[in-house]
């Protein structure tokens, strides 16, 4: 069972099969294939497969996600000042995949390629709403297909629940008709994280920046909120071409037996252009949670988080750490 504001309660199954290829030592990053199927109390169907394969003495890795969504959702408009009263209900029907290949070039530095694909339709639109009448990019459905270079600096001690190390990802993707995309645009993403641990105590900090330019569809716009970025805000409550957030989390694991606790905070903002970011427009997020170690040796944790923002809150039950 899982819960978050975007889905309500979800019922289904989740499994992780982890292993090490080629006789890799026990302290090396585990390869795994995770799969999840969930149907929610809001009539949403979510199917996911998440592979991660390490081989050649940790020199090469393939990671990604393949998913299907039949997802009754909410749209509030585009921008950092949209109103809750402008909420529109609709249904998103989409097939998605994101795959990355990385090759170690020196120490913790990897170079590689990222590929993304999404085919979607927006259904059950409000006839008088923005999605049906405003001719917004992507409101009539379409395909996003992008490809581009990737740089990763990864010195984490464990990819499932990190306690020490640094992780920096920078990706530049181009979406073009020759790749099958119905929208032509570019997207640049930086995800930088730092982890410091003393005994059972861990401090994790994340900086996330997403910039895009061109004919960016609604489904390709960076979105604030959800279970990973600015918990407490509904995912997509604020969306635009550009998004920045910084968030920090303190984790005490274990506190007692297999149980642990955490507290987190974040600041974030969306904007149409990079120069439009302002301190006055920042949104905040605060929260706390409980952890239970399903597998202490591999640090596979069940998490329950409650996040709060201005005039909003969210509850999240899931497996694996947020970042």
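Please find the FRET efficiency linking residue 99 to residue 21, where r is the Cβ-Cβ separation and R0 is fixed at 22 Å, and quote it to the nearest 0.05. Between residue 99 and residue 21 the formula returns 0.80. Our estimate of slack between residue 263 and residue 155, defined as 0.36 nm per intervening residue step minus the Cα-Cα distance, is 36.5 nm. Take the Cα of residue 288, step 7 Å toward its Cβ, do the same at residue 65, and the gap between the two points is 2.8 nm. For region 88-191, the extents of the C-alpha atoms along the principal axes are 55, 33, 19 Å, listed from largest to smallest.
Across region 2-319, Cα pairs under 8 Å and at least six residues apart give a relative contact order of 12 percent. A simple spin-label model places the labels of residue 35 and residue 113 2.7 nm from each other, with each point 7 Å out along Cα-to-Cβ.
Run the Debye formula on the Cα coordinates of region 8-132, all scatterers equal and no solvent, and tell me log10 I(q)/I(0) at q = 0.10, 0.22 1/Å. Once normalised to I(0) and log-transformed, intensities are -0.50, -1.22.
Using only the Cα atoms of the chain, each taken as one equal point scatterer with no solvent, compute I(q) by the Debye sum, divide by I(0), and report log10 of the ratio at q = 0.15 Å⁻¹. The computed values of log10 I(q)/I(0) come out as -1.47.
For the peptides 234-247, 306-319, the ranking by packing is 234-247, 306-319, with the highest mean count of neighbouring Cβ atoms within 10 Å listed first.
Please give the residues of region 202-223, grouped as numeric ranges, whose backbone N is less than 17 Å from a label point set 7 Å along the Cα-to-Cβ vector of residue 275. Those under the cut-off are 212-214. Using just its DSSP H runs of length 4 or more, each adding -39500 (n - 2.57), the chain gives a mean residue ellipticity at 222 nm of 0 deg cm²/dmol after division by all residues.
For the pair residue 126 and residue 166, label points projected 7 Å from Cα toward Cβ lie 4.7 nm apart.
Bear in mind that the values in this text are calculations on the coordinates, not laboratory data. Being a predicted model, the structure only gives us computed values, none of them experimental. All Cβ positions, glycine included, derive from the backbone under ideal geometry; neighbour counts span all protein chains shown.
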